[in-house]
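None of the figures in this text is laboratory data; all of them are computed from the coordinates on show. Quantities reported herein were computed from a predicted structural model and do not represent experimental measurements. Methodologically, a virtual Cβ is constructed for each residue, glycine included, from the backbone with ideal geometry; neighbour enumeration extends over all protein chains shown.
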Amino acid sequence: MPPRSSRHADVNRRSFLQGTGLGLLAFSLAGTQVLLTPRQARARGADFKSLGSGEVLTLEALGEVLVPGAREAGIANFVDQQMSADPNESLLMAKYLNVAPPYSDFYHAGLAALDRLSNVQFDAPFVELEQEQAVTLVSSISNSVPDDWDGPPPPLFYLCVRADAVDVVYGTAEGFAKLKIPYLPHIPPPERW
Amino acid sequence: MAEKVDVVIVGAGAAASVYAAVLAEAGKEVRVLETGPARKLEDLYSSQISARRLKWAVPELLEAGKDTIWFNYNAGRGFGGAAVHHFGVWPRYHPEDFKERSLYGRGLDWPLEYEDLRPYYDRVQAEVGLSGDTEAEIWRPPGDPYPLPPVPVFSHGRILARGFEALDMNVAAVPLAILTAPYKGRAACTYDGWCEAGCPTGALANPLVVYFPRALKAGATLQPRSHVTRVLTDAKGKLATGVEYVDDTGTRHTLLADSVVLAAFTVENSRILLNSASTPHPDGLANSSGLLGRYLMTHPSVNIFGLFDEDMQNYMGVNGGQLFSQDRFNKVRKAGPFGSRQWIIAPALKPNDLLGIAMTRADLFGPDLQSFMERAARGLGTIVAISQDQPLPENRIELADTKDAHGFPLARAVYAASADGLGLWNASVDEGQALIKAAGADEVWHSPRGGQHIMGGTIMGDKPDASVTNAVSQTHDIPNLFIGGPGVFPTSSAVNSTFHLYALALMSAEYLRDNWASVVA
């Protein structure tokens with residue numbers, strides 16, 4: 001169990017900024033703000049602020065198809081936490097890819113469009129697709145605009161969620177280690193996430 | 001009653017740091033207003049994810065042209081501006097870059113020549129501690145030798161250099177604003193490739209460690225979270241009298257000043273001036289030429305990738321690369337596009353982010369991506385081509401109908417890469433793939449077209465009816481209003497813009513200092 005000080009850290013601005021450098025973000029656990037990695041937030045059942053329960057499942061399923069391991073690495077917790085952040089403080093790659101803030105609109109619309117497309121093409125929501133069906137659908141949005149898509153440009157949505165999945169799986173000290181890349185930080189993280 | 005200072009500087013990036021140091025040391029009361037937060041070295045965490053806090057987001061730039069200028073990625077926010085996350089690649093402009101209209105009948109002429117700027121390049125490189133290989137850099141314009149030896153070359157650089165050698169091309173160490181030895185109290189680089197996340201050791205010359213410390217010591221004040229909306233003038237519109245800004249609570253303030261320096265990067269500089277329209281200046285301040293916002297440029301760039309069956313150690317080094325080549329800098333060739341190209345060789349790579357390993361094959365996902373990541377982490381190599389863009393008046397920053405939270409129109413970019421820029425980009429794609437193959441790669445591919453650095457919008461020139469500022473970045477229309485940053489560049493060359501803007505800022509700041517009485521009168 002983490003020490004009491006980290007379980008009940010004061011989430012003031014300074015500690016928040018320090019935390020984001022270490023892969024820690026402010027999540028809500030039963031109404032209490034704590035600094036956790038997205039992986040820890042998922043494991044401990046942190047509350048979601050912006051995503052509905054269905055959206056969480058869809059995003060996790062999509063993330064897992066894009067980058068194996070993204071579900072457990074906390075892609076939904078990461079995106080949810082950032083969707084409501086000040087765009088200037090946002091850690092989402094959407095920021096670089098000309099997605100207009102607020103980013104929550106983009107994710108809500110993209111996830112809804114994905115489920116609609118899935119229902120039209122396979123008569124089931126995305127989370128219920130077989131792996132092969134999910135791969136077919138993701139391939140189709142990665143480089144084209146399917147007829148039944150009604151949301152943000154699908155290749156852009158694909159690119160953003162893929163980047164989020166890459167961030168939580170490979171953009172961490174743990175992810176570097178998985179690839180046998182030395183992390184070499186100037187400011188070493190106290191724990192891997 | 002409104003506060004009054006001698007000089008207000010808008011933006012806290014590279015150009016601002018130079019103006020602030022020069023003017024504060026001359027005894028002027030200097031206030032720097034920055035939209036973003038205060039930032040210190042210890043805020044610069046080694047993570048590509050947290051690095052995104054250093055970049056711009058809002059007020060957002062709307063884009064209506066054929067191509068994007070990648071504003072959020074290029075721009076910065078907070079103390080240090082874009083220079084906090086810049087890669088420190090500091091080649092000089094070449095003499096011919098200043099005279100393209102005269103020499104070739106293309107582009108525009110600068111209102112100054114290389115020899116005018118040379119002493120400022122030399123002084124800036126001595127101030128910040130530039131590293132490089134003066135002898136090996138056969139294309140280098142005249143100038144003092146680099147004060148520090150070049151960065152070491154690791155496997156990534158050595159292996160890729162084989163391709164250039166095979167095609168009979170020259171390479172030299174990249175000139176970098178990165179310390180290769182302790183210098184003026186700053187530590188040397190450890191080559192861990194975290195430059196984009198900001199360099200907390202101070203080895204990379206960002207404004208937090210060069211010029212701003214001098215400015216602060218001389219009494220300048222840096223004020224965060226102060227978003228400037230307009231430059232104010234006297235009733236006749238002859239002189240700037242200060243600025244209006246909005247703080248974090250949305251409260252509007254007026255800060256009066258004898259002189260105003262706009263150094264808020266290319267887009268915001270144009271936007272602030274356009275939003276400063278008044279009865280004497282109905283089309284925006286400093287816009288009697290009608291060219292404010294025009295000649296927007298960005299360097300068309302491409303990454304060429306190759307997978308090698310060797311341990312590239314591509315995580316070592318710096319984001320600005322280990323070697324470079326200017327063998328393709330000649331602007332005129334028998335056939336093909338006009339302009340210069342430059343190769344950057346072996347920039348350090350990380351797994352994630354826009355320039356990270358995973359993004360090099362954005363088409364891959366699932367197990368295919370997983371196996372690619374494992375192979376590329378060991379064997380990916382890359383070179384980057386930077387191509388010259390042409391100054392076209394139709395490429396521009398203008399005001400949009402949409403307004404920001406404070407009621408001021410947002411900026412809109414209307415941009416399409418020039419035909420010459422596209423031609424140079426295509427030539428780079430072909431040549432780059434040949435280079436990577438010649439270096440021994442098994443698989444070769446390239447990135448989509450990107451845009452590096454953002455220039456123009458407030459260009460300098462001799463003629464008030466054809467430019468916004470004169471050779472010392474002083475607006476033709478308002479003598480006590482100066483512009484800092486790459487917005488004053490009338491041509492783009494094919495080199496990274498930061499060294500050039502530092503040298504111009506030093507020259508202009510000293511002009512303002514030395515001519516203070518006449519400028520503010």
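Here the stretch A:17-178 is assigned +1 on the Cβ of each Lys and Arg and -1 on the Cβ of each Asp and Glu. Its dipole about the Cα centre then comes out at about 600 debye.
Calculated on the Cα set of the protein assembly as shown, radius of gyration then Dmax: 24.9, 77 Å. Cross-link partners of residue B:437 among lysines, defined as those whose alpha carbon lies under 20 angstrom from its own and excluding same-chain residues fewer than eight positions apart, are absent. In whole Å, how far is the Cα centre of the stretch B:374-389 from that of the stretch A:89-116? Cα centroid of the stretch B:374-389 versus Cα centroid of the stretch A:89-116: 28 Å apart.
Working from Cα pairs under 8 Å separated by at least six residues, relative contact order for chain B is 23 percent.
A full extension of the chain between residue B:405 and residue B:371 corresponds to an added length of 7.7 nm, given 0.36 nm per residue minus the alpha carbon distance.
Here's the picture: charge each Lys and Arg Cβ at +1 and each Asp and Glu Cβ at -1 in the protein assembly as shown, and of B:90, A:96, B:386 the one pushed furthest to the positive end of that dipole is B:90. Seen against the Cα atoms of chain B and their longest principal axis, helix B:419-439 is set at about 30 degrees. Taking the alpha-carbon distance from residue B:28 and a cut-off under 14 Å, which aspartates and glutamates remain once sequence neighbours fewer than 8 residues away in the same chain are dropped? In chain and number order, the partners are B:6, B:258, B:510, B:514.
Amide hydrogen proximity for residue B:192: with H placed 1.01 Å from N in the peptide plane, the residues at 5 or more positions away or on another chain lying under 5 Å are B:317. What angle do you read, to the nearest 10 degrees and between 0 and 90, between the alpha-carbon axis of helix B:155-166 and the longest principal axis of chain B? Tilt of helix B:155-166: around 80 degrees. Calculated translational diffusion coefficient of the stretch A:17-178 (37 °C, 0.692 mPa s; Stokes-Einstein with Kirkwood radius over alpha-carbon pairs) equals 207 µm²/s.
Shown here for the stretch B:360-405: trypsin sites (Lys or Arg not before Pro) in loop regions (DSSP other than H, G, I, E, B) with at most 16 other Cβ atoms within 10 Å, of which there are none. Helix B:14-25 and the longest principal axis of the Cα set of chain B meet at an angle near 50°.
For residue B:443, the residues whose amide H sits under 5 Å from its own are B:307, ignoring neighbours fewer than 5 places away on the same chain, with H placed 1.01 Å from N. Amide H contacts of residue B:230 (H built 1.01 Å from N, in plane; Pro and chain starts excluded): B:244 sit under 5 Å, all sequence-distant by 5 or more or on other chains. Sparsely packed loop sites in the stretch B:287-394 (the GluC sites (Glu not before Pro) outside DSSP H, G, I, E and B with at most 16 other Cβ atoms within 10 Å) comprise B:310, B:394.
Dipole check for the protein assembly as shown: with +1 at the C-beta of Lys and Arg, -1 at the C-beta of Asp and Glu, and the Cα centre as origin, the magnitude is about 1400 Debye.
Centre-to-centre separation between the Cα atoms of the stretch B:99-132 and those of the stretch B:16-52: 25 Å. Each Lys and Arg adds +1 at its Cβ and each Asp and Glu adds -1 at its Cβ; summed about the Cα centre, the stretch B:186-263 shows a dipole of about 260 debye. When the C-alpha to C-alpha distance is required to be over 26 Å, the pairs from A:95/B:66; A:49/A:95; B:55/B:99; B:99/B:334 that qualify are B:55/B:99. Take each residue in A:154-164, count the other chain C-beta atoms within 10 Å of its C-beta, and the mean is 2. Restricting the calculation to Cα atoms, the stretch B:3-520 shows an Rg/Rh of 0.96 when the hydrodynamic-style radius is the Kirkwood one.
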